[in-house]
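Step one of this worksheet: look at the structure below.
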Amino acid sequence: MTIADELQSTIVQMVQPGKGILAADESLPTIARRFAPIHTESTGENRRAYRTLLFTAPGIEDYISGVIEFEETLAQTTDEGTPLSEALARRGIVPGIKVDRGKGPLALSPGDFITYGLDGLAERLQQYKTRGTRFAKWREVYAISKHSPTAHGISASAEMLARYAAICQAHGIVPIVEPEVLMDGDHSLARCAEITETVQKEIFYALHRHHVVLEHMILKPNMVLPGSAHTVKVRAEEIAAVTLRVLKRTVPAAVPGINFLSGGLSPEDATANLNAMNTNFPHVPWQLSFSYGRALQQPVLQAWSGKPENVALAQQALLKRARLNGAAQRGKYLPSMESSD
Ligand code: 13P
């Protein structure tokens, strides 16, 4: 099989109607923050138990086509000793991995961030591949303030995403390109739209310069939203309209899938917004789906609370959110489905 065939077969498996991606790639500090409210210590064993619960939840393969793992998880196994990636692959779910090493300030550019992890990436990908990994994820982060992100910051982050994506494709790994314009702040919907458009334009220009094959990547953007401290509540239909206006202006039709991050939206809002996009824009060239972390896992963490006796309940909570988001991918979600479950 050529590298192009390998990338294409991964895309076909990941981009399927009614299915999306589960992001379970929280880094050590992030998973500790998620465990804190449920009074669960972030030990290796607790992280293994939690991710086993997620990956072995009965029925999720009907709605989840891929899972993004954290590096540590690749070495962990289920209670029966099956590697967690293999447990996913056996059910037809594609295992992937977050390969970036987190963000920090972009030197000499106040307010801008840059993500680390390109050094040694090619070698790491080769190792991950021997453990069944078929796609990767890299996140660049953009905080909105009066003066940021700057044009320089946007260009530096685009270069990182494009270099990462090119290295992945050279090794037969499908890159998820994730530019996240953060919700933090009191900015308007229009300001988020302006920044998101500029960020995505710059990214596709950089991907072109780096010879990235657009048919063999997935874009994981933010939805266009007002800042979380903005006073005006915006309806899902308006979020869908503005988000699609930005995507149509910036994302070439060759890209097969756009899988949104949830970015701190409530599980219900993340589902309703995705549904509005698929209901109101059924004829766009890309498949619009989800790659949610918090919006899929929040109810699961609450149901589990770190207790083995709650595992089945927590798995049902994951199946419910996966099913409702699967419905939203098809534009068939109704808020009434929340309570009838
Ligand atoms: P959220 O859906 O919680 O934003 O997480 C998605 C993700 O992968 C962030 O990098």
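Overview of results
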read-out: Solvent-accessible area per residue, Å², over the chain with all protein chains present [probe radius 1.4 Å]; value: 41 Å²
read-out: Anchor K248: lysines whose Cα lies under 20 Å away (excluding residues fewer than 8 positions away in-chain); value: K201, K220
read-out: Residue of T243, T150, T271 that the Gaussian network model of the chain assigns the largest fluctuation, springs spanning Cα pairs under 10 Å; value: T150
read-out: R0 of 30 Å, Cβ-Cβ distance A253-A190: FRET efficiency to nearest 0.05; value: 0.70
read-out: Segment 319-330 - phi-based ³J(HN,Hα) in whole Hz, Karplus 6.51/-1.76/1.60, Gly and Pro as x; value: 4, 4, 5, 5, 5, 5, 6, x, 5, 5, 4, 8
read-out: Whole-number percent relative contact order across segment 1-79, with pairs defined as alpha carbons under 8 Å at least 6 apart; value: 46 percent
read-out: Antiparallel bridge percentage (DSSP; both residues within segment 1-108; nearest 5); value: 10 percent
read-out: Beta bridges by DSSP in the chain, antiparallel share as percent, to the nearest 5; value: 10 percent
read-out: Inter-probe distance in nm under a simple model that places probes 7 Å from Cα toward Cβ, at L118 and L313; value: 4.8 nm
read-out: log₁₀ of I(q)/I(0) at q = 0.12 Å⁻¹ - segment 206-262, Debye sum with one point per alpha carbon; value: -0.37
read-out: Compactness of segment 12-100, expressed as Rg and Dmax over alpha-carbon positions, Å; value: 13.0, 40
read-out: Karplus-derived 3J(HN,Hα), 6.51/-1.76/1.60, for each residue of segment 11-28, Hz, glycine and proline x; value: 4, 4, 6, 7, 9, 10, x, x, 10, x, 10, 9, 8, 10, 10, 4, 6, 4
read-out: T2 versus K201: modelled label distance in nm, points set 7 Å from Cα along the beta carbon direction; value: 3.5 nm
read-out: Residue-averaged [θ]222 nm for the chain, counting only DSSP H segments that reach four residues, each worth -39500 (n - 2.57); value: -14000 deg cm²/dmol
read-out: Chain lengthening between S109 and Q127 when straightened (0.36 nm per residue, less Cα-Cα); value: 3.0 nm
read-out: Relative contact order (%) - criterion: Cα under 8 Å, at least six apart; region: the chain; value: 19 percent
read-out: Within the accessible area of segment 158-292 (1.4 Å probe), percent carbon and sulfur; value: 54 percent
read-out: Cα pair distances of segment 239-341 binned at 10 Å [whole percent]; value: 15, 44, 27, 11, 3
read-out: Label point at V232 placed 7 Å out along Cα→Cβ; residues across segment 165-189 whose backbone nitrogen lies under 14 Å; value: 186-189
read-out: Highest-fluctuation residue, R51, R209, R91 considered, GNM on the chain with Cα pairs under 10 Å; value: R209
read-out: Relative contact order of segment 125-185, pairs being alpha-carbon contacts under 8 Å that are 6 or more residues apart, as %; value: 53 percent
read-out: Coarse-grained scattering of the chain at q = 0.10 Å⁻¹, given as base-10 log I(q)/I(0) from a Debye sum over alpha-carbon atoms; value: -0.55
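The values are calculated or read from the model by the stated rules, or taken from the named source; none is laboratory data. Worth saying up front: this structure is predicted, and the values here are computed from it rather than measured. All Cβ positions, glycine included, derive from the backbone under ideal geometry; neighbour counts span all protein chains shown. Accessible surface is based on the protein model in full, side chains and every heavy atom, while ligands, DNA and RNA are left aside. Shrake-Rupley method; radii C 1.70, N 1.55, O 1.52, S 1.80 Å.
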